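Structure first, then comments.
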Amino acid sequence: AAFNYGGSTSIRVNPFYQSGSTDGQLTGALLKWNFSSAGIPIDATVTDASLTFYVTSGSNYAYSLYSMMRDWVEGTNDAVAGTGASWSYYDAGTNSWTTEGAQSTSSDRYNTNLWDATATNFNTTGSVTIPLNAEGIAVVQGWIAGSLNNYGLTIQNYSGTTVDVWEAASSEATLTANRPKL
């Protein structure tokens, strides 16, 4: 619950907890992009946006994408407690999410799904692009214009009935081309 995987070369999400299973940890993912060096003018109009992942393990479940309400610390240590955001904490082990897994829609994350992804989107390996819906495009627009705080996104589904890990390359992946893209 206190371990941070910010230094991991992969993103893993799993919708189900199974005691004793090495893959059976209930997990979500946190993502964030820095627009300060992107050269996008603040008055630009965003008409389309998507996320591209290099998926190494597909899942039969669909996952939702939500905008975060609070800032969090990525951390840099794989499987080291107290170094950044985890299941229980949004920083280096001091401040807890209102609901573990950043599930609170009153203070952790918003409740609007920012893409219309289905299980088919997550059951494919290799390069996978998932378009954002109108609400997702509006969030990106708000980040660029400065009208919304860019606290990033979370990928979640905590209601599965079996362990079924979806795994993709993270921003620490060795091959730059495999890193997530917005």
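Sub-7 Å Cβ pairs linking a first residue in the stretch 54-80 that is outside any loop (DSSP other than H, G, I, E, B) to a second residue that is among the basic types (Lys, Arg), at least 6 apart or interchain, are Tyr66/Arg109; Ser67/Arg109; Met68/Arg109, ordered by first then second residue.
Considering only the stretch 56-72, I want to know if a residue exists there that is loosely packed, with under 15 Cβ neighbours inside 10 Å, acidic (Asp, Glu), within 28 Å of Ser96 (Cβ to Cβ) and within 17 Å of the chain's Cα centre (by Cα). Full working, then the answer.
Narrowing the stretch 56-72 to residues loosely packed, with under 15 Cβ neighbours inside 10 Å: 57, 60, 71.
Add one more test, that the residue is acidic (Asp, Glu), and what stays is 71.
Add one more test, that the residue is within 28 Å of Ser96 (Cβ to Cβ), and what stays is 71.
When the remaining residues are screened for being within 17 Å of the chain's Cα centre (by Cα), the result is 71.
There is at least one residue in the stretch 56-72 that is loosely packed, with under 15 Cβ neighbours inside 10 Å, acidic (Asp, Glu), within 28 Å of Ser96 (Cβ to Cβ) and within 17 Å of the chain's Cα centre (by Cα).
Would you say Ser88 is at pLDDT 95 or above, of a type in the set (Gly, Ala, Ser) and farther than 17 Å from Ser57 by Cα?
On the way: at pLDDT 95 or above: no; of a type in the set (Gly, Ala, Ser): yes; farther than 17 Å from Ser57 by Cα: yes.
It is false that Ser88 is at pLDDT 95 or above, of a type in the set (Gly, Ala, Ser) and farther than 17 Å from Ser57 by Cα.
Of all residue pairs spaced 6 or more apart or on separate chains, none has beta-carbon atoms under 6 Å together with a first member in the stretch 13-37 that is closer than 16 Å to Ser57 by Cα and a second member that is among the basic types (Lys, Arg) and loosely packed, with under 14 Cβ neighbours inside 10 Å.
Could you check how many residues of the stretch 12-53 are hydrophobic (A, V, I, L, M, F, W, C), open to solvent by 50 Å² or more (accessible area, probe 1.4 Å) and not in a loop (DSSP other than H, G, I, E, B)? So the count comes out to 1.
Every condition in (1) touching a strand residue (DSSP E or B) at 6+ places or on another chain (Cβ under 7 Å); (2) on the phi > 0 side of the Ramachandran plot holds for Ala85 except the one numbered (2). Taking the criterion of being over 17 Å from Asn34 (Cβ atoms) and surrounded by 15 or more Cβ atoms within 10 Å (Cβ to Cβ), the residues of the stretch 133-150 that qualify are Asn133, Glu135, Gly136, Ile137, Ala138. Can you find a residue in the stretch 128-146 that is touching a residue at least 60 places away in the same chain (Cβ under 8 Å), closer than 15 Å to Thr27 by Cα and touching a strand residue (DSSP E or B) at 6+ places or on another chain (Cβ under 9 Å)? No, because not a single residue in the stretch 128-146 is touching a residue at least 60 places away in the same chain (Cβ under 8 Å), closer than 15 Å to Thr27 by Cα and touching a strand residue (DSSP E or B) at 6+ places or on another chain (Cβ under 9 Å). Of the candidates Asp108, Asp116, the single residue that is modelled with pLDDT of 95 or more, among the acidic types (Asp, Glu) and more than 21 Å from Leu26 (Cβ to Cβ) is Asp116.
Just one of (1) in contact with a helix residue (DSSP H, G or I) (Cβ under 8 Å, 6 or more places away or on another chain); (2) under 21 Å from Gly136 (Cβ atoms) fails for Trp72. It is (1).
On the given criteria, is Val128 part of a helix (DSSP H, G or I) and under 17 Å from the mean Cα position of the chain (by Cα)? Spelling it out, it is not the case that Val128 is part of a helix (DSSP H, G or I) and under 17 Å from the mean Cα position of the chain (by Cα).
Select, from Gly136, Gly75, Gly58, the only residue that is of a type outside the set (A, V, I, L, M, F, W, C), within 19 Å of Ser10 (Cβ to Cβ) and at pLDDT 95 or above. Before the answer, list the steps.
Details: Gly136 fails: within 19 Å of Ser10 (Cβ to Cβ); Gly75 fails: at pLDDT 95 or above.
Of the residues listed, the single one that is of a type outside the set (A, V, I, L, M, F, W, C), within 19 Å of Ser10 (Cβ to Cβ) and at pLDDT 95 or above is Gly58.
Could you grab the pairs with beta carbons closer than 7 Å, sequence gap of 6+ or different chains, first residue in the stretch 38-50 and over 7 Å from Ile137 (Cβ atoms), second one part of a loop (DSSP other than H, G, I, E, B)? Partner pairs satisfying both residue conditions: Ile42/Gly146. When Ser86 is tested against (1) more than 15 Å from the chain's Cα centre (by Cα); (2) surrounded by 14 or more Cβ atoms within 10 Å (Cβ to Cβ); (3) assigned to a loop (DSSP other than H, G, I, E, B), only condition (1) is not met.
The values are calculated or read from the model by the stated rules, or taken from the named source; none is laboratory data. Every value quoted in this text rests on a predicted model; they were computed, and no experiment measured them. Cβ sites come from the backbone with ideal geometry, for glycine too, and all protein chains shown count toward neighbours. Surface accessibility is based on the protein's heavy atoms, side chains included, excluding ligands, DNA and RNA. Shrake-Rupley method; radii C 1.70, N 1.55, O 1.52, S 1.80 Å.
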